[in-house]
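Here the structure comes first, spelled out in structure tokens, and everything after it is commentary.
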Amino acid sequence: MKHIKTIHYMRKQLIILMMLLTGVTVFGKGIERPKLVVGIVVDQMRWDYLTYYYDKYGEGGLKRLWNEGFSCDNNMINYVPTVTAIGHSSAYTGSVPALTGIAGNNFILNGKNVTSVMDTTEVAVGSDPKNSAGKCSPRNLLANTIGDQLKIATDFKAKVYSVAIKDRAAILPGGHAADGAFWWDRKAGNFITSSYYMDKLPAWMINFNRLNKTKPDHDLNTSNEGVTFTLKLAQDVIRHERLGKHEETDMLAVSISSTDAIGHTYSTRGKENYEVYMQLDKDLAKFFRTLDQEVGRGNYLLFLTADHGAVHNGNFMNQHHLPGGGWNYSPTNQTVNDRLSKKFGVSGKYFKAMMDCRIYLDRDFIKANGLDFDAVKAEAIKVLKEDPQFAYVVDYENVNSQSIPQFLRERIINGYNRMRSGDIMVVLQGSHQHGNVSPDYKGTSHGTWNPDDSHIPLIFMGWKVKSGHTSKPTCMSDLAATVCAMLQIQMPDCCIGNAITEVWQ
């Protein structure tokens, strides 16, 4: 009997050893998971950058993803507006602004203009505590994330970290229970975090900053080196926090911010955009090699997506006899205010804010002057509808009763948070952007419904992923559902997506 127990014990130990050697983590009976999940969001990456630059990419970076991974080639964003904070929060929650509460990069909350991650109760860690760059947390996010669900599933033993140049791109993907989120403080010239996560930076992070510090106010975001710095930091997180080397599955969220800043400045074509994507390709190849060495090829599950795309510059389009242009907020604001002042006999600012094609009426002003809110809103919509720049002008609260294409109506509803999104949305004509429209303007923007902004990459690679492509319609919300299905954990609490089973079956 004792001999039989010894055999069973030795057999059990051998199985555990084999799992450690192969990188498979087993939770309970028959539940297998990878050692590490890695999410990469490339800010402002259009889907067609995968093919437009394909012949220029090296073998180990984006081309490796395209050839070894499973690509969802018809992946769309299922809400408007299409902006950074919403994209990062939606990708990792599998949800939409209506439920996450992240209504934009900025929005009105309790009567105040806030950023998506603003939190004045926290202070900077890694720079001057008074620095506003550190007054951040994920508390404005009303949903949880893949990382949060992984924490719950492993009794909070899993490690979850996130890194980016932008604060919102680091904080929102990490979720509420992350062990750490690190972003760039331009004033300090180094990466920081906030007191929400820790009281002081770990020793390895202090050393990283010492070796990579720049002069104060150095604009890393519009530089190719922003890509390199971010992925160097991601590699250090893997090594020093030993991600992928624990009993439980760990997670790392990485966002590349410089591609967005450079796109805004120089648009979707030209030397600058080409160079930043070549740098990204080179640095991703190095990052993938680090994952292969530190975690083991096939032992990590990786996905790459974008938070939004970008329209082609309107001047560029017009030069080639194609429609394109932009909407300048200021003249519209002035026109509507003048008309409403005349209509209601009260001069003043009827609009509190205009953000990402969202318009907030100034409720305090309207109430203080004894005006009927619904009447003011109806008149504002009437005036806006006279402007040919707008395909539609939408009353958020009554969108279902308006004559709008069904797919667009659904995206507007998904993007509307009742407490945070404002009162009216203007829908621009196709190939148009909101922002600068001057003849010498050479940049770009995003935020609209059209495929330029909403068609984004979604590629999975690594653990259990089949190589291949699909043109089946998928959407941003499906990402979190897919990852959680592969990990066999509950999807995030506000997730509305469906698992893309072709990725692994």
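The values are calculated or read from the model by the stated rules, or taken from the named source; none is laboratory data. This is a predicted model, so every value here is computed, not measured. Cβ placement follows ideal geometry from the backbone for every residue including glycine, while neighbour counts extend to all protein chains displayed. The protein model used for the area step is the full one, side chains on, heavy atoms only, and it has no ligands, DNA or RNA in it. Shrake-Rupley method; radii C 1.70, N 1.55, O 1.52, S 1.80 Å.
Would you mind finding the one in G244, G263 that is in a helix (DSSP H, G or I) and either buried (at least 20 other Cβ atoms within 10 Å of the Cβ) or free of Cβ contacts under 8 Å to residues at least 24 places away in the same chain (or both)? Give the derivation first.
Numbers: G244 fails: in a helix (DSSP H, G or I).
That would be G263, the only listed residue that is in a helix (DSSP H, G or I) and either buried (at least 20 other Cβ atoms within 10 Å of the Cβ) or free of Cβ contacts under 8 Å to residues at least 24 places away in the same chain (or both).
I'd like to verify a number: residues in the range 46-64 that are buried (at least 17 other Cβ atoms within 10 Å of the Cβ) and either over 22 Å from V465 (Cα atoms) or in contact with a helix residue (DSSP H, G or I) (Cβ under 8 Å, 6 or more places away or on another chain) (or both), how many?
Step one: filter the range 46-64 for residues buried (at least 17 other Cβ atoms within 10 Å of the Cβ), giving 46-47, 49-50, 53, 57, 60-64.
Subset that is either over 22 Å from V465 (Cα atoms) or in contact with a helix residue (DSSP H, G or I) (Cβ under 8 Å, 6 or more places away or on another chain) (or both): 46, 49-50, 53, 57, 60-64.
Qualifying residue count, the range 46-64: 10.
Every residue, every condition in (1) part of a helix (DSSP H, G or I); (2) in contact (Cβ under 8 Å) with a residue 24 or more places away in the chain, yes or no:
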| site | (1), (2) |
| --- | --- |
| P439 | no, yes |
| T444 | no, yes |
| I459 | no, yes |
| K472 | no, yes |
| A481 | yes, yes |
| P492 | no, yes |
| C495 | no, yes |
| N498 | no, no |
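Of the residues that sit in the range 479-488 and are touching a strand residue (DSSP E or B) at 6+ places or on another chain (Cβ under 8 Å) and either open to solvent by less than 20 Å² (accessible area, probe 1.4 Å) or of a type in the set (F, W, Y) (or both), which one is farthest from N78 (Cα to Cα)? Talk me through it step by step, then tell me what you get.
Step one: of the range 479-488, the residues touching a strand residue (DSSP E or B) at 6+ places or on another chain (Cβ under 8 Å) are 479, 482-483, 486-488.
Cutting the leftovers down to either open to solvent by less than 20 Å² (accessible area, probe 1.4 Å) or of a type in the set (F, W, Y) (or both) gives us 479, 482-483, 486-487.
Working: L479: 12, T482: 16, V483: 18, M486: 22, L487: 24 Å.
Residue satisfying both the conditions and the ranking: L487.
Residue-by-condition table, conditions (1) over 22 Å from Y92 (Cβ atoms); (2) out of contact with any His (no Cβ under 6 Å at 6 or more places or on another chain):
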{"site": "I165", "(1), (2)": "no, yes"}
{"site": "R168", "(1), (2)": "no, yes"}
{"site": "P173", "(1), (2)": "no, no"}
{"site": "G189", "(1), (2)": "yes, no"}
{"site": "Y197", "(1), (2)": "no, yes"}
{"site": "R210", "(1), (2)": "yes, yes"}
{"site": "T214", "(1), (2)": "yes, yes"}
{"site": "T222", "(1), (2)": "yes, yes"}
{"site": "T228", "(1), (2)": "yes, yes"}
Inset, instruction - Check off (1) in a helix (DSSP H, G or I); (2) open to solvent by less than 10 Å² (accessible area, probe 1.4 Å); (3) within 14 Å of M45 (Cβ to Cβ) for G309 and give me the number that stays unchecked. - result: (1)
Legend entry - Yes/no for A380 being surrounded by 18 or more Cβ atoms within 10 Å (Cβ to Cβ), small (G, A, S) and part of a loop (DSSP other than H, G, I, E, B): no
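Inspect all residues belonging to the range 348-364 and state whether any of them is acidic (D, E) and farther than 24 Å from W449 by Cβ. Even if it seems obvious, please write down each step before you answer.
First, the residues of the range 348-364 that are acidic (D, E): 356, 362, 364.
Now narrow it down to the ones that are farther than 24 Å from W449 by Cβ: 362, 364.
Looking for residues that are acidic (D, E) and farther than 24 Å from W449 by Cβ, one finds at least one in the range 348-364, hence yes.
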Inset, instruction - Determine whether K442 is at positive phi, in contact with a helix residue (DSSP H, G or I) (Cβ under 7 Å, 6 or more places away or on another chain) and not aromatic (F, W, Y). - result: no
Legend entry - Residue check for G447: over 26 Å from T259 (Cα atoms) and either surrounded by 22 or more Cβ atoms within 10 Å (Cβ to Cβ) or within 19 Å of the chain's Cα centre (by Cα) (or both): no
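How many residues are in a helix (DSSP H, G or I), in contact with a helix residue (DSSP H, G or I) (Cβ under 6 Å, 6 or more places away or on another chain) and open to solvent by less than 10 Å² (accessible area, probe 1.4 Å) when one looks only at the range 285-301? Give the derivation first.
Step one: of the range 285-301, the residues in a helix (DSSP H, G or I) are 285-296.
Still in the running and in contact with a helix residue (DSSP H, G or I) (Cβ under 6 Å, 6 or more places away or on another chain): 287, 290, 294.
Restricting the remaining residues to those that are open to solvent by less than 10 Å² (accessible area, probe 1.4 Å) gives 287, 290.
Qualifying residue count for the region: 2.
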Inset, instruction - Just one of (1) touching a strand residue (DSSP E or B) at 6+ places or on another chain (Cβ under 9 Å); (2) modelled with pLDDT of 95 or more trips up G430, so point out which. - result: (2)
Inset, instruction - Scan the range 341-389 for residues that are under 22 Å from K112 (Cβ atoms), in contact (Cβ under 8 Å) with a residue 40 or more places away in the chain and of a type in the set (V, I, T) and jot them down. - result: I359
